[in-house]
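**Student:** Pasting a structure below so you can have a look.
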Number of protein chains: 2
Amino acid sequence: MFGEHAVVYGHPALVAAISRRVRVVVERLDEPKLVVSSSNLPIRGLNLELRGDEIRAAVDTRLALRLLSYVLEALEVVDQHLGVEERPGLRITIDSDMPVSAGLGTSASITVATIAAYSALRGAKLKRETIARLGHMVEKRVQGAASPMDTAIATYGGLLVIEPGRSPPYRVLEAVSPPLVIGYTPREGTTAELVARVRMLRERYPDLVDMVMESIGRLTRRALDELLSGRLDSLGELMDMNHSLLRALGVSTKKLDDMVNAAKVAGALGAKLTGAGGGGSMIALCPEKLRSHVEASIRAVGGSIIEANTGGEGVKVESLG
Amino acid sequence: MFGEHAVVYGHPALVAAISRRVRVVVERLDEPKLVVSSSNLPIRGLNLELRGDEIRAAVDTRLALRLLSYVLEALEVVDQHLGVEERPGLRITIDSDMPVSAGLGTSASITVATIAAYSALRGAKLKRETIARLGHMVEKRVQGAASPMDTAIATYGGLLVIEPGRSPPYRVLEAVSPPLVIGYTPREGTTAELVARVRMLRERYPDLVDMVMESIGRLTRRALDELLSGRLDSLGELMDMNHSLLRALGVSTKKLDDMVNAAKVAGALGAKLTGAGGGGSMIALCPEKLRSHVEASIRAVGGSIIEANTGGEGVKVESLG
């Protein structure tokens, strides 16, 4: 909701779970191989088989391999954490009704779910704090750099304040999640590419970009106050400002601006891009009675609507045996 | 070009004259009355006659009366400056091919031209510094508050850095004016209303708004370096950031965002709203070979193009006698 990009530079962020879930099933195989498949991810028909150093991929897309990196690293950090060396044969099945590159943390959700499911299979019941920490480690390994934001919210659900530098780097908020409309447009870059683009902008204009980051940090702290007090009008106004500050960092696009402005014209209290930007998703703060109007306005400028409410649960382990 | 709104809070601004002129003719009348008329302002057929306390207005619009306020205060400050008490009968004729509320400083131009012409009629040849100072005084009286920006650039032409708090509060720049495309859309509020809106935002979010202002100040100082070095790419990037920071202050509109994004998509190096915002004008930094393409793109989203180049002259007095 608040603080994207600035969180990479040590500022706080405010993040809400949504009511959409990723499901990762981890099963033991008799053969020493790893089979990863997904029936309904946007990379449909994904079916990867790893045997030693050999990868057999039915759909060998860049996206599928990126997704596989998260799964492989998740298995790796769990093995390290548990101190085990031999890994059994595994079948991993991923189901998600979310687009992988919506900028809504699908890869973090898959990572966290894989960690929870695989550690359960190995007989360990990890605490949420451990799952979140291992998840963050996976994202750092795959992306080079990552904030703890996505993996923490995928682990805990609800509402979190991310506070980089503290231990743990997040705090659970006991507050009601605000009503959001979520719009989506295909992304032009990955999170890692957008974080790198901001880093390059900061190299060219260090004091200026640092001050924009600090502004986002102040804004996020103020948004936390407004959220806890239930002042949605102010929260919306701060979302508008946060979008503009993200735009100043060069991570908005014409399409995201169009969707944000369309939501505002339709009566949203505030609207901003969410996540790393470069396309992906935007959110509009919107009383229920205006929801369908705001959704129609976002669609009218070419955006899709992701049907979801805020306030989803965190990771859960269920035994299928 | 840079620093709008932040200049009201003591930060620097960078301003360029354009190649469009306002012409104010001041003639002595035998009768003790004041006749103000304009043949080609957007408030066409403006014809105001003042006799004592009586105003006879052929077109009594709010805009015409606002314009008259600048003219009356301009006469007043010249009389005070020259220490004269009796004012002769006057006919004042205003010609301009610029829209009055484009946010391009037309009222400041009329103010400065009236001061120069009327003082010349009274036999005084005022220095530019005096004309700029009296012009600023007029704008403060009419608007309640005003930066010295518009009246200074109308007086000097060329390129100026505005440095509030210094004496004089501006510095003439010896640099080549960058190539700009100017787009226009009708305004939804006056400069005074927009300055007031920012002041109210600052009352609600003081530290946040101050930091955005400070960011605009830093950006403007950096833009000055880039301009003097002729680095147009960086200048464009800073224009983009400045637009976003003005948007964070709530002074952009959907239409201005559309025009700015349209210019960028067509290849402009940078684009931003210019002036107080709330509609009005935007500028795009644009190499000559892309000019017609950028203009077409701005028109395609409903903006008009104001045909003008940067680098106009300042105020000039010509005798018609």
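**Student:** Those residues that are surrounded by fewer than 19 Cβ atoms within 10 Å (Cβ to Cβ) and either among the aliphatic types (A, V, I, L, M) or outside any helix (DSSP H, G or I) (or both), I need them from segment A:119-135; list them, please.
**Tutor:** Kept after step one, since they are surrounded by fewer than 19 Cβ atoms within 10 Å (Cβ to Cβ), are these residues of segment A:119-135: A:120-125, A:127-130.
A:A120, A:L121, A:R122, A:G123, A:A124, A:K125, A:K127 - these are the residues of segment A:119-135 that are surrounded by fewer than 19 Cβ atoms within 10 Å (Cβ to Cβ) and either among the aliphatic types (A, V, I, L, M) or outside any helix (DSSP H, G or I) (or both).
**Student:** Check A:V138, A:V142, A:V71 and return the single one that is under 17 Å from the mean Cα position of the chain (by Cα), more than 16 Å from A:V35 (Cα to Cα) and open to solvent by less than 20 Å² (accessible area, probe 1.4 Å). Walk me through it before giving the result.
**Tutor:** Details: A:V142 fails: open to solvent by less than 20 Å² (accessible area, probe 1.4 Å); A:V71 fails: more than 16 Å from A:V35 (Cα to Cα).
Criteria check complete, one pass: A:V138.
**Student:** Taking interchain pairs and intrachain pairs at least six residues apart, which have beta carbon atoms under 8 angstrom, with the first residue in segment A:297-321 and in the same structural domain as A:S119 (by TED's automatic domain parsing) and open to solvent by 100 Å² or more (accessible area, probe 1.4 Å) and the second part of a loop (DSSP other than H, G, I, E, B) and aromatic (F, W, Y)?
**Tutor:** Filtered contacts from segment A:297-321: no entries.
**Student:** Give the residues of segment B:199-233 that are of a type in the set (S, T, Y), within 9 Å of another protein chain (Cβ to nearest Cβ) and free of Cβ contacts under 8 Å to residues at least 24 places away in the same chain, sorted by residue number. Break it down into steps so the answer makes sense when it comes.
**Tutor:** The initial filter retains those residues of segment B:199-233 that are of a type in the set (S, T, Y), namely B:205, B:215, B:220, B:229.
From the residues that got through so far, the ones that are within 9 Å of another protein chain (Cβ to nearest Cβ) too are B:205, B:215.
Scanning segment B:199-233 gives a single hit, B:Y205.
**Student:** Mind counting the residues in segment B:234-270 that are among the β-branched types (V, I, T), open to solvent by less than 10 Å² (accessible area, probe 1.4 Å) and either facing chain A (nearest Cβ under 7 Å) or within 17 Å of A:M259 (Cβ to Cβ) (or both)?
**Tutor:** Total satisfying the criteria: 1.
**Student:** Go through B:V22, B:V15 for me and flag whichever is touching a Phe, Trp or Tyr at 6+ places or on another chain (Cβ under 9 Å), open to solvent by 10 Å² or more (accessible area, probe 1.4 Å) and of a type in the set (V, I, T).
**Tutor:** Going through B:V22, B:V15 in turn, just one is touching a Phe, Trp or Tyr at 6+ places or on another chain (Cβ under 9 Å), open to solvent by 10 Å² or more (accessible area, probe 1.4 Å) and of a type in the set (V, I, T): B:V15.
**Student:** Sticking with this structure for a sec: For the condition at pLDDT 95 or above, surrounded by fewer than 19 Cβ atoms within 10 Å (Cβ to Cβ) and within 21 Å of A:S244 (Cα to Cα), what is the one hit in B:R204, B:R231? Let's see the steps before the verdict.
**Tutor:** Working: B:R231 fails: within 21 Å of A:S244 (Cα to Cα).
The unique qualifying residue is B:R204.
**Student:** Which ones in segment A:224-270 are part of a helix (DSSP H, G or I) and among the basic types (K, R)? Write out each step before concluding.
**Tutor:** So in segment A:224-270, the residues part of a helix (DSSP H, G or I) come out as A:224-228, A:232-248, A:254-265.
Selection gives A:R247, A:K254, A:K255, A:K264.
**Student:** Still on this model: Residues of segment A:271-281 being within 14 Å of chain B (Cβ to nearest Cβ) and not in a loop (DSSP other than H, G, I, E, B), which ones?
**Tutor:** Result: A:A271, A:K272, A:L273.
**Student:** Does A:S292 qualify as being within 13 Å of another protein chain (Cβ to nearest Cβ), of a type in the set (G, A, S) and without any contact (Cβ under 8 Å) to a residue 40 or more places away in the chain? First the steps, then the outcome.
**Tutor:** Numbers: within 13 Å of another protein chain (Cβ to nearest Cβ): no; of a type in the set (G, A, S): yes; without any contact (Cβ under 8 Å) to a residue 40 or more places away in the chain: yes.
Criteria not met by A:S292.
The values are calculated or read from the model by the stated rules, or taken from the named source; none is laboratory data. Owing to the predicted nature of the structure, the values given are computational and were not obtained by experimental measurement. Neighbour counts run over all protein chains shown; Cβ positions are idealised from the backbone, glycine included. Side chains included, ligands, DNA and RNA excluded: accessible areas come from the protein's heavy atoms. Shrake-Rupley method; radii C 1.70, N 1.55, O 1.52, S 1.80 Å.
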